[in-house]
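Everything below concerns the one structure shown next.
The values are calculated or read from the model by the stated rules, or taken from the named source; none is laboratory data. Everything numeric here is computed off the predicted structure, so don't read it as measured data. So basically every Cβ, Gly included, is an ideal-geometry build from the backbone, and we count neighbours across all protein chains shown. Heads up: the accessible areas ignore ligands, DNA and RNA and are worked out on the full protein's heavy atoms, side chains in. Shrake-Rupley method; radii C 1.70, N 1.55, O 1.52, S 1.80 Å.
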There are 4 protein chains.
Amino acid sequence: MSDAFRSAARIIVTGGTFDKRYDAIKGELTFTETHLPALLEQGRVKLPLAVDIRLLIDSLQMTEAHRLEVLEACRASPERSIVVVHGTDTMVQTARVVGGAKLDKTIVFTGAMVPYSVQGSDAPFNLGFALAAALTLPAGAYVAMNARIFPWDDVDKDRTAGEFKRTSGDRA
Amino acid sequence: MSDAFRSAARIIVTGGTFDKRYDAIKGELTFTETHLPALLEQGRVKLPLAVDIRLLIDSLQMTEAHRLEVLEACRASPERSIVVVHGTDTMVQTARVVGGAKLDKTIVFTGAMVPYSVQGSDAPFNLGFALAAALTLPAGAYVAMNARIFPWDDVDKDRTAGEFKRTSGDRA
Amino acid sequence: MSDAFRSAARIIVTGGTFDKRYDAIKGELTFTETHLPALLEQGRVKLPLAVDIRLLIDSLQMTEAHRLEVLEACRASPERSIVVVHGTDTMVQTARVVGGAKLDKTIVFTGAMVPYSVQGSDAPFNLGFALAAALTLPAGAYVAMNARIFPWDDVDKDRTAGEFKRTSGDRA
Amino acid sequence: MSDAFRSAARIIVTGGTFDKRYDAIKGELTFTETHLPALLEQGRVKLPLAVDIRLLIDSLQMTEAHRLEVLEACRASPERSIVVVHGTDTMVQTARVVGGAKLDKTIVFTGAMVPYSVQGSDAPFNLGFALAAALTLPAGAYVAMNARIFPWDDVDKDRTAGEFKRTSGDRA
């Protein structure tokens, strides 16, 4: 059994649908604070984890500077297993920036199609899924959503279907 | 990228806390039907999965015959990635029966400390976590709970703490 | 004990925050169908109720014609106890149209500050509260929100605080 | 408009299914603390309320002394509108003790068939329903559950159906 199973992991939060909350006064979904601690408590997580609340924005508002900031946060991480919580709309772009840097770490991007604050959110499932992927996959960058794992250089979001697919074609 | 990332997986349901529901007439938690389809819908699971509702019992009521039935279901599975949803109280015993058989498959036992039907359940997180582990780990039997992965022959449930630990000692 | 306690009531649905759902593809809150049946099931409602799904719109989009339609639905109702589920932004305006008509019925407007589909919604509490008010108050039109009951001609929404107050001044 | 609409009310908590929580270590539903503050927050309650956490027990364990304690708590209440949160199994017995005392207050017993901590609980609906009933009904003792209101001397729990009915016969 390798040490990988005992290693701590790091979770880098950038916002996205995952973290949107309903603002009862404004009557809309906004960002106030991350749900990550609530999610880790719900998952009764026993693994020692480092949490880095880096950004709390809609991924459509991510600039190249934001993506480089995520890359640097990954590079600086002492943990080799990293989950990046990210909006789904530009998750693939950030994964490409991070994946292209060929860090010797396992970096798994995940997020949610439905906010954690909305009933029936996919956030808890996706977070658990991404964390196990980060602990077990070989070094590289991946997108892990809704029970599928994609390498960073072979994934696109199909916005009409609301899911991720291989650029090279699924189930070909 | 290996084929593993495209493979379907199998989920074998045996019951356990994961699947308990509140019976408003009896005023207690019982089994009526599995929550697994609701969980897969919530997780917006896009991976083709086979689901085998094998048992729906409290794991304290599992006999040796039940454990052998789980082993045979794993052996017969055409999918090499298998998640077994199991009660936590005797999850370790069943994992030993399955692990000792040295099947050439990755079999990951998981469950929940809080029923899916109760607010704040760890079931969605654990299911996602176990499924990624089943898709990525080498052949063998494992227990995956609350963000930790244990090999079948080095795990025990600490009933006082309500968590799983290595038999050989954690963080030694 | 008067017959009022055995009478059926009518619920007229017009939409509002109460009924907004998250659209995972669009990434926003929209209307698809009312949550009322789910709410009545959750409340284990044993009272025979008539449900009239009249509109499913944001109350900011309500026109005078819509308000007259609500009034006519109240007038035509064979039940004397009526709850109108309505968006909070213009609830007071519609209550004035209905209240001014002096129908010999008890008509209680309610809604939600947080959609039923969002965790921690006030919709179930408000629906129960409004329904009891409709069954017990004398004829007239009222706004019932968040455990307060207001007559139709002495209520305003304080949008900054996200609550309803008496026009004539609270706690004076 | 009478003062009744501005009066504060009192909520007396005695426990019951309403307040049961899942104990993940014991694997069963128990009492630890009341959910009432969480429920009032969820209902965004704006009415000034007094909360009296009197007991936290299963109503099957209520003795005559407990019932007299509830009666005295009602008698001592400075508020004339009182909701008593109570287990459903012996709610009727306690309502009879309180109702027989003919206090000049409106005392409404309510509870839940499904604990607040379980998904889809009727607790928020029932609490809102009972509170409006306590604010609007004439003095007397009542049972208010699942959208029905019963006078204290004409109600029984039908345990097979899991609902309350008039002793004198429903819909006769």
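Results, tabulated for the structure shown:
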read-out: Members of segment D:109-133 found to be at the interface with chain C (Cβ under 9 Å from one of its Cβ atoms) and either under 21 Å from D:GLU72 (Cα atoms) or in a helix (DSSP H, G or I) (or both), listed by number; value: D:ALA123, D:PRO124, D:PHE125, D:ASN126, D:LEU127, D:GLY128, D:PHE129, D:ALA130, D:LEU131, D:ALA132, D:ALA133
read-out: From A:ALA123, A:ALA130, A:ALA161, A:ALA141, residue being touching a helix residue (DSSP H, G or I) at 6+ places or on another chain (Cβ under 6 Å), of a type outside the set (Asp, Glu) and under 17 Å from B:ARG44 (Cβ atoms); value: A:ALA123
read-out: Residues that are within 17 Å of B:ALA24 (Cα to Cα), at the interface with chain C (Cβ under 9 Å from one of its Cβ atoms) and of a type in the set (D, E, K, R), drawn from segment D:134-164; value: D:GLU163
read-out: Of residues in segment D:43-77 being farther than 30 Å from B:GLY16 by Cβ and polar (S, T, N, Q), the one nearest to the other protein chains (Cβ to nearest Cβ); value: D:SER77
read-out: Those residues of segment A:24-33 which are in contact with a strand residue (DSSP E or B) (Cβ under 8 Å, 6 or more places away or on another chain) and surrounded by fewer than 15 Cβ atoms within 10 Å (Cβ to Cβ), in sequence order; value: A:GLU28, A:THR30, A:THR32, A:GLU33
read-out: Some residue of segment B:34-41 being surrounded by 20 or more Cβ atoms within 10 Å (Cβ to Cβ), within 13 Å of chain A (Cβ to nearest Cβ) and of a type in the set (Gly, Ala, Ser); value: no
read-out: Selection within segment C:139-172 - open to solvent by 30 Å² or more (accessible area, probe 1.4 Å), of a type in the set (Lys, Arg) and under 17 Å from the mean Cα position of the chain (by Cα); value: C:LYS157, C:LYS165
read-out: The listed residue being in contact with a Pro (Cβ under 9 Å, 6 or more places away or on another chain) and β-branched (Val, Ile, Thr), out of C:VAL13, C:VAL85, C:VAL45, C:VAL51; value: C:VAL51
read-out: Candidate set: segment A:70-80, residues that are part of a helix (DSSP H, G or I) and open to solvent by 30 Å² or more (accessible area, probe 1.4 Å); chosen: the one nearest to B:ALA132 (Cα to Cα); value: A:ARG75
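Results for (1) surrounded by fewer than 23 Cβ atoms within 10 Å (Cβ to Cβ); (2) touching a residue at least 40 places away in the same chain (Cβ under 8 Å); (3) part of a helix (DSSP H, G or I), shown as yes or no for each residue.
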position	(1), (2), (3)
A:LEU56	yes, yes, no
A:LEU60	yes, no, yes
A:ALA65	yes, no, yes
A:LEU68	yes, no, yes
A:ILE82	no, yes, no
A:THR88	no, yes, no
A:VAL97	yes, no, yes
A:LYS102	yes, no, no
A:ILE107	no, no, no
